[in-house]
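*Asks:* Can you read through this structure? Questions will come right after.
The values are calculated or read from the model by the stated rules, or taken from the named source; none is laboratory data. This is a predicted model, so every value here is computed, not measured. Positions of Cβ are generated from backbone atoms using ideal geometry, with glycine treated the same way; all protein chains shown enter the neighbour counts.
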Amino acid sequence: MTRNALVCLCGLVFALAWTACSKADSREDVGEPGIVSLDPGRVAGARSPFGEDVWVYRGIPFAAPPVGDLRWRPPQSLEPWDGVYDAAVSAPACVQSVAPPDVARFYDPEVDVTSEDCLYLNVWTASAPDAPAPVMVWIHGGAHVVGNGAAVAYDGTALARRGVVLVTINYRLGALGFLAHPVLSVESDHGVSGNYAVLDQIAALEWVQGNIAAFGGDPDRVTIFGESAGSQSVSHLMATPLARGLFHRAIGESGGGFGSAGKAHPKIEIETGGERFVEALLGPDQEPSLAAMRAVSFDEVLGVKPSLVRAQANVDGWVFPDTIYNIFAAGNQHDVPVIVGSNADEGAMFGAGDVANLADYREMARREYGEFSDAFLATYPAENDEDAQAGRMDSFTDAFFGWEMRAWARMMGTVPSFGYLYFFSRVPPASDADTYGAYHTAEIPYVFRNFGLSVSPHANRDWDNTDRDLSETLSTYWVNFAATGNPNGEGLPEWPVLDRESDQALVIDDTVHVRRGIRTARLDFFEDYYASERKESP
């Protein structure tokens, strides 16, 4: 069901197809507060339930619905609408699988309704058009396969009150966001396919450039920020030439595309994987065609084994001329300042996986790290089953998060703009704090100042004054950075720019302080390992 159909259901008979619904709900009272004129037409928002001084505009379309003939194509321009579009109702999340239970208890995507018609965004503002405020655009996480920009955990009321215009976006997920296939490449003007999710994010940023001033936002001070896959997306947007000029600062929280998701995959390899996916989707006896691929339901697309499609950005020669690492190493990323960092116990959410005992651990080391296995076991030593499981989680933390963010900050040395590195180690208070520590996603409520808003019981913890003080500090750093490109300000501990020699990071714990060389030996192991991987890549 489309978002527009859902809106129409509120006042129309549910006997018509979605095309019979108006793309914009008409109102007689167009002079009331909350009406904003945009390029495609007018929209009507509502006051935030968490603060009457903040206006919220939900479910605003930023591209044409990517359905029918537009499935697996770059996002297309919107058609203008008449009347006033009802932006008081959130749009559906993009089509997605259900998050694994162990992850979903931490990661709270709040997905009740999904649709292929999902290219919508949300805006929170307390600013006036004659006093433009810095803009922050949030890209949600979820491994590029789940998530929802409209989740209440990302509510922008508190940040809007601090003087920014907050935007959250949706983008296509899984196979619908990343499938590459020869027949799709033939159709493309650029001879490539895949990376649709990245193109959606670019389209949202183009919308921001054209429309955010109407909400009191400054299009010359746009900060992109995200967590996990959203943080990976920030690194992608810094690397793609197609996003040049669309943002001016960047914040990455626990995710990058440099090593763990940064190998070069030739176009033919990406498309070969897509051919396997389409064969599973259509059956081995049906010849792949655009018509056949677009005729199947999204449920059938979701039914194909997800591992057949890499839900990652790929080097296609158009969106990405090279790997993310190589683009940064050459100084060809967008020259904007960054804040990047990770959490102390990222791997605790994901557990020890296939490592149940010491023997499993040693076998995993040989299987995954090959000639580096001895160095791995020396870096993450284990003498018993408990050590083995801890080593698995610690190495996961470093491989996919700690090293990624340090590498990102260090490679800002290839351009004039600065990089600021943080290490979040505050353990949110709860009965399971000893088990999960400063887990993946733990920093999000501190950044958004949204304690207690999540629908996930696990996310609503026993917050105390230490947490509230840290949230005040962290969100102030973020807002200062969005406003000026420098997180520092009056009353805050001084946050130094990272340089490779000092390797200084801001530690966000019960107190906020600067520390040198956090987990240096562990991250240096992955520095060597990923360097070897890059040499072996095509």
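*Asks:* Take Val123 and tell me if it is modelled with pLDDT under 95 and not aromatic (Phe, Trp, Tyr).
*Replies:* It is false that Val123 is modelled with pLDDT under 95 and not aromatic (Phe, Trp, Tyr).
*Asks:* Right, Gly245: assigned to a loop (DSSP other than H, G, I, E, B), at pLDDT below 95 and surrounded by fewer than 24 Cβ atoms within 10 Å (Cβ to Cβ) or not?
*Replies:* no
*Asks:* Can you find a residue in the stretch 29-43 that is modelled with pLDDT of 90 or more, touching a Leu at 6+ places or on another chain (Cβ under 6 Å), surrounded by fewer than 21 Cβ atoms within 10 Å (Cβ to Cβ) and of a type outside the set (Lys, Arg)?
*Replies:* The answer is yes; a qualifying residue exists.
*Asks:* While we're here: Among the residues of the stretch 63-85, write down those that are crowded, with 23+ Cβ neighbours inside 10 Å and touching a strand residue (DSSP E or B) at 6+ places or on another chain (Cβ under 6 Å).
*Replies:* Within the stretch 63-85, just Tyr85 meets the criteria.
*Asks:* Could you check the stretch 118-145 and list, in sequence order, the residues that are under 22 Å from Tyr446 (Cα atoms) and under 11 Å from the mean Cα position of the chain (by Cα)?
*Replies:* Of everything in the stretch 118-145, those that are under 22 Å from Tyr446 (Cα atoms) and under 11 Å from the mean Cα position of the chain (by Cα) turn out to be Val137, Trp138, Ile139, His140, Gly141, Gly142, Ala143.
*Asks:* If you don't mind, another one. Quick check: is even one residue across the stretch 257-267 in contact with a Leu (Cβ under 7 Å, 6 or more places away or on another chain) and either crowded, with 18+ Cβ neighbours inside 10 Å or assigned to a helix (DSSP H, G or I) (or both)?
*Replies:* no
*Asks:* While we're on this one: Among the numbered criteria (1) at pLDDT 95 or above; (2) in contact with a Lys or Arg (Cβ under 8 Å, 6 or more places away or on another chain); (3) closer than 24 Å to Gly252 by Cα; (4) part of a loop (DSSP other than H, G, I, E, B), which single criterion is violated by Arg426?
*Replies:* (2)
*Asks:* Please determine whether any residue of the stretch 207-215 is touching a Leu at 6+ places or on another chain (Cβ under 7 Å) and not hydrophobic (A, V, I, L, M, F, W, C).
*Replies:* yes
*Asks:* Which residues, counting only those in the stretch 349-371, are in a helix (DSSP H, G or I) and within 27 Å of Pro428 (Cβ to Cβ)?
*Replies:* Passing the criteria: only Met349.
*Asks:* Continuing with this model, one more query. Say we look at the stretch 385-415 and pick out the residues that are more than 16 Å from Ser373 (Cβ to Cβ) and among the basic types (Lys, Arg); which of these is surrounded by the most Cβ atoms within 10 Å (Cβ to Cβ)?
*Replies:* Arg406
Conditions tested, residue by residue: (1) among the hydrophobic types (A, V, I, L, M, F, W, C); (2) in contact with a Lys or Arg (Cβ under 8 Å, 6 or more places away or on another chain); (3) in contact (Cβ under 8 Å) with a residue 60 or more places away in the chain; (4) crowded, with 22+ Cβ neighbours inside 10 Å.
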residue: Ile324; (1), (2), (3), (4): yes, no, yes, yes
residue: Ala329; (1), (2), (3), (4): yes, no, yes, no
residue: Pro337; (1), (2), (3), (4): no, yes, yes, yes
residue: Val355; (1), (2), (3), (4): yes, yes, no, yes
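*Asks:* Then there is this: From the list Ala505, Ala483, pick out the single residue that is part of a strand (DSSP E or B), over 17 Å from Ile444 (Cα atoms), in contact with a strand residue (DSSP E or B) (Cβ under 9 Å, 6 or more places away or on another chain) and not acidic (Asp, Glu).
*Replies:* Ala505
*Asks:* Looking at the stretch 282-336 only, could you name the residues that are of a type in the set (Val, Ile, Thr) and within 24 Å of Gly68 (Cα to Cα)?
*Replies:* Scanning the stretch 282-336 gives Val296, Val301, Val304, Val309, Val319.
Here is a yes/no grid of residues against (1) modelled with pLDDT of 95 or more; (2) in contact with a helix residue (DSSP H, G or I) (Cβ under 6 Å, 6 or more places away or on another chain); (3) farther than 23 Å from Glu227 by Cα:
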{"residue": "Leu377", "(1), (2), (3)": "yes, yes, yes"}
{"residue": "Phe400", "(1), (2), (3)": "yes, no, no"}
{"residue": "Arg410", "(1), (2), (3)": "yes, no, no"}
{"residue": "Pro416", "(1), (2), (3)": "yes, no, yes"}
{"residue": "Ala438", "(1), (2), (3)": "yes, no, no"}
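Yes or no, residue by residue, for (1) loosely packed, with under 13 Cβ neighbours inside 10 Å; (2) over 23 Å from the mean Cα position of the chain (by Cα):
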| position | (1), (2) |
| --- | --- |
| Asn480 | no, no |
| Pro496 | no, yes |
| Val512 | no, yes |
| Arg516 | yes, yes |
| Thr520 | yes, yes |
| Asp524 | no, yes |
| Lys535 | yes, yes |
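*Asks:* Next question, about the same structure. Which residue, of Ser235, Ser231, Ser185, Ser193, is surrounded by fewer than 24 Cβ atoms within 10 Å (Cβ to Cβ) and either at pLDDT below 95 or among the hydroxyl-bearing types (Ser, Thr, Tyr) (or both)?
*Replies:* Criteria check complete, one pass: Ser185.
*Asks:* Take Asp200 and tell me if it is modelled with pLDDT of 95 or more, under 30 Å from Val296 (Cα atoms), under 17 Å from the mean Cα position of the chain (by Cα) and among the acidic types (Asp, Glu).
*Replies:* yes
*Asks:* Given (1) in contact with a helix residue (DSSP H, G or I) (Cβ under 6 Å, 6 or more places away or on another chain); (2) modelled with pLDDT of 95 or more, where does Arg500 come up short, assuming only one miss?
*Replies:* Condition not satisfied by Arg500: (2).
*Asks:* Also, I was wondering about something else. Among the residues of the stretch 59-76, is any among the polar types (S, T, N, Q), closer than 23 Å to Leu166 by Cα and at pLDDT 95 or above?
*Replies:* Looking for residues that are among the polar types (S, T, N, Q), closer than 23 Å to Leu166 by Cα and at pLDDT 95 or above, one finds none in the stretch 59-76, hence no.
*Asks:* Shifting gears a bit: Quick check on my filter: what residues within the stretch 249-281 are modelled with pLDDT of 75 or more and under 21 Å from the mean Cα position of the chain (by Cα)?
*Replies:* Passing the criteria: Arg249, Ala250, Ile251, Gly252, Glu253, Ser254, Gly255, Gly256, Gly257, Phe258, Gly259.
*Asks:* Pairs needed: first member in the stretch 50-68, assigned to a loop (DSSP other than H, G, I, E, B); second member anywhere, of a type in the set (Val, Ile, Thr); C-beta distance under 6 Å; at least 6 residues apart or different chains.
*Replies:* The qualifying pairs are Phe50/Thr157.
*Asks:* Further, regarding this structure: Considering only residues that are assigned to a helix (DSSP H, G or I) and touching a residue at least 12 places away in the same chain (Cβ under 8 Å), look in the stretch 372-384 and name the one that is surrounded by the most Cβ atoms within 10 Å (Cβ to Cβ).
*Replies:* So, considering only residues that are assigned to a helix (DSSP H, G or I) and touching a residue at least 12 places away in the same chain (Cβ under 8 Å), the one surrounded by the most Cβ atoms within 10 Å (Cβ to Cβ) is Phe376.
*Asks:* Something else about it: Could you check how many residues of the stretch 293-315 are outside any helix (DSSP H, G or I), among the hydrophobic types (A, V, I, L, M, F, W, C) and either in contact (Cβ under 8 Å) with a residue 40 or more places away in the chain or within 12 Å of Phe178 (Cα to Cα) (or both)?
*Replies:* Selection size over the stretch 293-315: 5.
*Asks:* Would you confirm, using the coordinates I've provided, whether Val89 is assigned to a loop (DSSP other than H, G, I, E, B), under 23 Å from Ala151 (Cα atoms) and among the β-branched types (Val, Ile, Thr)?
*Replies:* yes
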